[in-house]
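**Q** One structure coming up, written as structure tokens, with questions to follow.
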Amino acid sequence: MEKFKDNIMRFLRGRYGNDQFNNFIILFSLLFAFLNIFMENPILTIVSYASLIYAIYRMFSKDIWTRQKENIAYLDNTRFIRIRINLLKRNLTDKHNKYFICPSCKQMVRVPRNKGKIEIKCPKCHQKFDRKS
């Protein structure tokens, strides 16, 4: 058993592993597999399996630099969506503060709730903008 564990450890050494882009690919694959249950379309099956195979390929790849560049590109392309989701989540959970995005530098700014219309000064770029808290 110990030899088997050592062989697995040796195989996985130097492999890329999992990242945010892989998580997205796997969710994409599961979504198409779920849709295929109802639609029974062979194209959905092919897309689901192909994306899952690509995610596995990325996990076991030894070309770490290329996989990191792919993940960075994915994170750059989804930055706006992730910021908006984070803003919505914070506004729904924090009962004492309200969060806004600075229009010039995109910095998240926290202000107290229920103060009416206020002028907010961004701590990063010092841009002033009006919002209702």
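The values are calculated or read from the model by the stated rules, or taken from the named source; none is laboratory data. The structure presented is a predicted model; accordingly, all values stated were derived computationally and were not measured. So basically every Cβ, Gly included, is an ideal-geometry build from the backbone, and we count neighbours across all protein chains shown.
**Q** For region 12-35, does any single residue satisfy the condition of being at pLDDT below 95, outside any helix (DSSP H, G or I), of a type in the set (K, R) and surrounded by fewer than 12 Cβ atoms within 10 Å (Cβ to Cβ)?
**A** Yes, some residue in region 12-35 is at pLDDT below 95, outside any helix (DSSP H, G or I), of a type in the set (K, R) and surrounded by fewer than 12 Cβ atoms within 10 Å (Cβ to Cβ).
**Q** K132 fails exactly one of the following numbered conditions: (1) touching an Asp or Glu at 6+ places or on another chain (Cβ under 6 Å); (2) exposed (fewer than 11 other Cβ atoms within 10 Å of the Cβ). What is the number of that condition?
**A** Answer for K132: the failing condition is (1).
**Q** Looking at region 75-88, is at least one residue more than 30 Å from Y16 (Cβ to Cβ) and not in a strand (DSSP E or B)?
**A** Yes, the conditions are met somewhere in region 75-88.
**Q** Would you point out which residue out of K95, K121, K106 is within 28 Å of the chain's Cα centre (by Cα), more than 18 Å from R82 (Cβ to Cβ) and free of Cβ contacts under 8 Å to residues at least 40 places away in the same chain?
**A** K95
**Q** Next up: Against the condition within 30 Å of S133 (Cα to Cα) and not β-branched (V, I, T), how does R15 come out, does it pass?
**A** Spelling it out, it is not the case that R15 is within 30 Å of S133 (Cα to Cα) and not β-branched (V, I, T).
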